[in-house]
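What follows is a set of notes on a single structure, which appears directly below.
Bear in mind these aren't lab numbers, they're just calculated from the coordinates by the rules spelled out. Values in this document were obtained by computation on a predicted structure and should not be read as measured data. Glycine also receives a Cβ, built like all others from the backbone with ideal geometry; neighbour counts cover every protein chain displayed.
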Ligand code: MEV
């Protein structure tokens with residue numbers, strides 16, 4: 001039987017390791033060896049990683065790959081991607097190269113607005129609250145000056161503060177719905193600090209508003225937090241070319257291919273089961289760059305999927321059309337990203353990834369990430385409507401299966417050659433491996 005532990009965070013790293021190994025794994029020695037194998041030999045670097053979170057016992061590695069040849073607004077990028085899925089970087093690279101000779105990606109920033117809300121309960125007359133809010137707004141701004149002054153110097157800050165009456169949804173529920181411009185920072189700390197200050201000011205000022213009754217003065221703040229739903233922090237990425245340039249496979253004419261792409265996207269537009277997988281493919285590209293550059297991929301995921309459902313049913317994030325013999329493929333996607341602050345300068349690999357991207361502004365990074373998502377989706381749908389994804393996927397997966405089987409380098413070479421002409425399936429690889437091992 002497992003027993004709860006007291007004060008785990010206070011144990012030393014070695015003690016934590018011992019506790020995990022002896023309580024939760026079958027082979028305590030091997031567990032400790034593996035965990036330690038992933039420690040970095042530089043104590044400074046290890047300390048940095050240890051301190052990112054609480055209760056660190058080791059590092060968890062993911063591959064960092066590069067998808068080169070991304071031509072975005074006539075500038076060439078090599079895009080760093082941190083991801084475990086075997087075919088993603090290959091697919092992104094293939095799509096980037098395909099569009100390189102067809103004008104590349106064109107991207108536009110449609111907005112950079114970030115959002116945060118103070119959720120509160122006010123039991124009283126709504127019109128009095130509205131009058132109070134008029135007087136309150138400049139005080140909210142002036143009370144937050146210590147937090148906003150640096151951001152304002154650079155051209156950002158609080159954009160708008162609005163009182164929203166939500167009493168039709170929940171009795172006595174109102175919001176301060178606030179928008180922000182956070183420039184190159186993702187802005188979570190800035191926004192949350194502003195909101196917590198707004199909450200304090202709101203409660204304090206209500207106490208001295210002479211028209212409020214005692215009950216009305218007693219505003220209860222439920223919570224103050226940024227929103228990861230950022231429909232106006234939006235970027236558009238697009239590729240297009242004459243239909244006859246879509247000579248992707250010998251077995252299919254460019255026009256048939258274009259039509260198949262448009263139809264596949266139209267299915268993802270109307271069918272949520274397909275849309276989720278379609279968008280998952282987009283997120284393969286998006287998350288990999290977001291993670292590589294030290295941004296918060298959970299925030300991005302949450303915001304993107306909410307955006308995909310903004311009209312009431314979940315739909316495709318990408319669009320495709322054929323008009324006047326031009327094939328067009330595009331995405332509008334909300335991406336609240338930062339290129340300063342947070343992990344971006346702290347994690348050596350995030351810093352390097354941003355250097356590889358030539359130190360982009362947050363707006364530029366939004367465009368790169370959107371292009372990566374569009375490329376990934378183009379590659380996935382291209383495969384789906386032509387050869388199917390398993391061919392490419394299993395070819396990449398072969399290496400993983402061989403590693404799982406602990407094949408030697410020589411065995412790998414023989415088996416990779418063998419599977420150039422044979423279909424890769426998990427059992428076929430095991431059979432071939434067993435046969436080879438017997439020789
Ligand atoms: C796999 O990670 C992603 C795909 O399923 C995306 C798609 O179906 O469009 C290939």
State whether the chain is rounded, prolate or oblate according to the following rule on the C-alpha gyration tensor (a ≥ b ≥ c being the square roots of its eigenvalues): a/c under 1.5 gives rounded; otherwise a/b larger than b/c gives prolate, and the remaining case gives oblate. oblate
Just to confirm the number: angle between the C-alpha axis of helix 362-385 and the first principal axis of the chain, 0 to 90 degrees, nearest 10? 40
Just to confirm the number: angle between the C-alpha axis of helix 390-404 and the first principal axis of the chain, 0 to 90 degrees, nearest 10? 80
Could you tell me what percent of the DSSP beta bridges with both partners in the chain are antiparallel, to the nearest 5? 95
With labels modelled as points extended 7 Å from the Cα through the Cβ direction, what inter-label distance (nm, one decimal) is found for residue 391 paired with residue 150? 5.4
How many angstrom separate the Cα center of the range 13-43 from the Cα center of the range 356-373? 38
Across 319, 73, 403, the residue with the highest GNM fluctuation in the chain (Cα network, 10 Å cutoff) is 403
What distance in nm lies between label points placed 7 Å from Cα along the C-beta direction at residue 256 and residue 25? 5.3
Before anything else, pin down the relative contact order of the range 157-266: Cα pairs under 8 Å, at least 6 apart, normalised by residue count, whole percent. 15
Once a ≥ b ≥ c are taken as the square roots of the eigenvalues of the Cα gyration tensor of the range 227-324, is the result rounded (a/c under 1.5), prolate (a/b larger than b/c) or oblate (a/b not larger than b/c)? prolate
With a/c under 1.5 counting as rounded, go ahead and sort the range 326-439 into rounded, prolate or oblate using the C-alpha gyration tensor (a ≥ b ≥ c being the square roots of the eigenvalues; past the cut-off, prolate if a/b is larger than b/c, else oblate). oblate
Divide by every residue of the chain the summed helix terms, -39500 (n - 2.57) for each DSSP H run of at least 4, and state the resulting mean residue ellipticity at 222 nm, rounded to the nearest 500 deg cm²/dmol. -16000 deg cm²/dmol
Using only Cα atoms, find the angle between the long axis of helix 297-308 and the longest principal axis of the chain, and express it within 0 to 90 degrees, rounded to the nearest 10. 80
Between the range 270-325 and the range 65-98, how far is it from one alpha carbon centroid to the other, in angstrom? 17
Treat the count of other C-beta atoms within 10 Å as a stand-in for reagent exposure and order 384, 136 from fewest to most. 384, 136
Put in order of increasing Cβ neighbours within 10 Å, starting from the fewest, 53, 109, 331 give 53, 109, 331
Points 7 angstrom from Cα along the Cβ direction at residue 426 and residue 160: gap in nanometres? 5.2
Among 117, 215, 390, determine the one that fluctuates most according to a GNM of the chain built with springs between C-alpha atoms less than 10 Å apart. 215
Mind telling me which of 353, 336, 146 comes out most flexible in a GNM of the chain, alpha-carbon contacts under 10 Å? 146
Within the range 20-34, the residues whose backbone N lies under 13 Å from a label point placed 7 Å from the Cα of residue 2 along the Cα-to-Cβ direction are 20-26
Using the alpha-carbon centroid of each, what span in Å lies between the range 138-184 and the range 205-251? 13
Tell me, 44, 143, 131, 287 in order of fewest to most beta-carbon neighbours within 10 Å? 44, 131, 143, 287
So, relative contact order of the range 1-110 in percent, Cα under 8 Å, 6 or more apart, is 19
